[in-house]
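Following: one structure in structure tokens, then a few remarks.
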Amino acid sequence: MNIKEINAKWEELVGKDISVGGWIEFKRESNDNFYFLVLRDGSCFNNLQCICDISNFHSQNFFNNLKSINRGSGIKLTGKLVKSPAKGQKFELKVVDGDIYGDVEESYPLQKSRLPLDVLRQHQHLRMRTRTFQALTILRNTLQYEVHQFYNKMGFMHIATPLITSNDCEGAGETFDVSKGGKKFFGRDVHLTVSGQLHVETFSGAFDKVYTFGPTFRAENSNTSRHLAEFWMIEPELSFINFADLQENMELFMKYICTKILMEHPDIIDFFDTFYEKGLKKRLEVIANPVESFLRKRYDECLRFLWAEIDCGNIVVDEGKETRRMESGVLVLGKRPEFGDDFGSEIEKYLVEEFGNKPFFITHFPRQLKSFYMRVDREDERLMEATDLLVPGVGELMGGSMREEELGRLEQVMGEKGVKGEGLEWYVDMRRYGSVPHGGYGMGFERLVCFVSGMKNIKDVIPFYRAPNNCFA
């Protein structure tokens, strides 16, 4: 049996003989005739305490072998499940026999129970054996499942978009080229995708709700706690909606995800709340609250708020210097923000804190700040119907917009932004053939895992991270 099964029906298993396979998480020798073992098997976040008393053992030889095994050893234990007299646990395994499959050599780097995360990044093939990465793996698995559940329950069609493409969506140009021996295998310049958005948008002309969820790639030479060269994106598109409908779907997604995680893994959330981010559980509960809606603030409203904070001295402007938060919590900006400036993560976090430390949407961004495919605001053509969802501790978590549905306006903005039509003829065509109001949003899946777990470095929430000068395994 595995530990998850035992947890689910331990009361009916008490007094019965069972066998469990797993790895030694902890071993303590009480005396020559008695050991405490803690076994993990990855089936759930809980481990199993095992009592090894020589007087109960069928095999003296197996008991003697326990003395030499180390943390991480692969083992099978057989015994009787009994109610535990120890505080904080309901049951334990009274071992009578077993098998040792694979011992651990002295060079094993995880001998200590807790190692710094930056040390564990050097052992990506082993770090999943630690308590933290067990929790992250379980959490990530549930999040992946619930992403698909949410969109399926909402009537979305899942679309598998290509990983090899000739467009770069955002026009950033920071892509990984694809070739065969230096030759153009596809007869043109192609690269790994930076986003599935444009491809999935084609399906929004045939189905009213679609989404893609898969890996994307950015060749940015940025080795920060927020960037990866390979990561996963969630990108839905909705037809026959308006700007308010789009924000509502983004909010529903976040409330659904937080509710499910709190319901499915309260023990894991408590673990991260204790060891990685105090107040994490409360933050998730605030978002999951079905009654309270997220705030909406326009870009120009946020800008005026920042100006007022500067004028009264709550924010300091230090011209030409790097934007930063001082130890006192004071925000220092390298320049006074002006209309058309990107706020950046430090300003975004500051705004979240000042507006109640709750999620909120910034809407109606300046036209020059956003991408060519976003819809121009018909009431103020300086703006676009675009939004970012900001959340505590992270800043921007999701970004979305209505898509420009009119052919003439799309071509005009493409011209303004220097976006070449070559290679995007198919995208422009969609405005010729049955175009309707539609919009969508994107979310980096690893950022979502960071947000839900309280982890601060995105490299720690993906099984094997890819970053500049690092492609382990």
Of the listed pairs 184/417; 183/370; 9/80; 349/370, which have alpha-carbon separations greater than 23 Å here? 184/417; 183/370
Using a basic spin-label model with each label point 7 Å from the Cα along Cα→Cβ, how many nm lie between residue 208 and residue 307? 4.2
Over 24 Å between C-alpha atoms is what I'm after, so list which of 83/282; 209/281; 209/358; 281/459 land there. 83/282; 209/281; 209/358
Potential extension, residue 252-residue 282 segment - 0.36 nm per residue separation minus Cα distance: 9.0 nm
Which one is right for this structure if Kirkwood radius over Cα pairs in Å is calculated from it: (i) 23.4; (ii) 24.2; (iii) 25.5? (iii)
Antiparallel DSSP beta bridges within the chain, percent to nearest 5: 85
What's the long-distance tail for the stretch 184-256, i.e. % of Cα pairs beyond 19 Å? 53
Can you give the FRET efficiency for residue 296 and residue 32, using 1/(1 + (r/R0)^6), R0 = 56 Å, r = Cβ-Cβ distance, to the nearest 0.05? 0.25
Once Rh for the stretch 325-448 is found with the Kirkwood sum over Cα pairs, what is the Stokes-Einstein diffusion coefficient at 10 °C and 1.306 mPa s, in µm²/s? 98
Antiparallel DSSP bridges in the stretch 1-133: what percent, to the nearest 5? 95
Simple spin-label estimate for residue 113 and residue 179 in nanometres, 7 Å along Cα-Cβ: 5.5
In the stretch 19-46, whose amide N lies under 18 Å from the spot 7 Å out along Cα-to-Cβ of residue 82? List them in ranges. 19-20, 28-39
Give the residue from 88, 98, 122 lying farthest towards the positive end of the charge dipole for the chain; charges sit on Cβ (+1 for Lys and Arg, -1 for Asp and Glu) and the dipole is referred to the Cα centre. 98
How much length, in nm to one decimal, is gained on full extension between residue 245 and residue 121, taken as 0.36 nm per residue of separation minus their Cα-Cα distance? 40.5 nm
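State, as an integer percentage, the relative contact order of the chain based on alpha-carbon contacts under 8 Å between residues 6 or more apart.
Reported as a whole number, the value is 13 percent.
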Among 307, 426, which comes first, second and so on when ranked by fewest other beta-carbon atoms within 10 Å? 426, 307
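Taking the Cα centre of the chain as origin and charging only Cβ (+1 Lys, Arg; -1 Asp, Glu), how large is the dipole, in debye to the nearest 20?
Result for the chain is approximately 1440 debye, rounded to the nearest 20.
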Given 0.36 nm per residue, what is the gain on full extension from residue 220 to residue 148 after removing their alpha carbon distance, in nm? 23.0 nm
So what is the diffusion coefficient of the stretch 3-108 in µm² per second by Stokes-Einstein at 4 °C and 1.567 mPa s, using a Kirkwood Rh over Cα pairs? 93
Once the other residues with Cβ under 13 Å from the Cβ of residue 101 are scored (Lys, Arg +1; Asp, Glu -1), what is the net sum? -2
For residue 8 paired with residue 380, estimate the spin-label separation in nm (one decimal), with each label point 7 Å from Cα along the Cα-to-Cβ line. 5.5
Run the Debye formula on the Cα coordinates of the stretch 118-213, all scatterers equal and no solvent, and tell me log10 I(q)/I(0) at q = 0.12, 0.15, 0.21 1/Å. -0.66, -0.88, -0.98
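Every number in this text was worked out from the coordinates using simple rules, so none of it is lab data. Only a predicted model underlies this, so the values are computations on that prediction, with no experimental measurement involved. Here the Cβ is made from the backbone with ideal geometry for all residues, glycine too, and neighbour counts use every protein chain on show.
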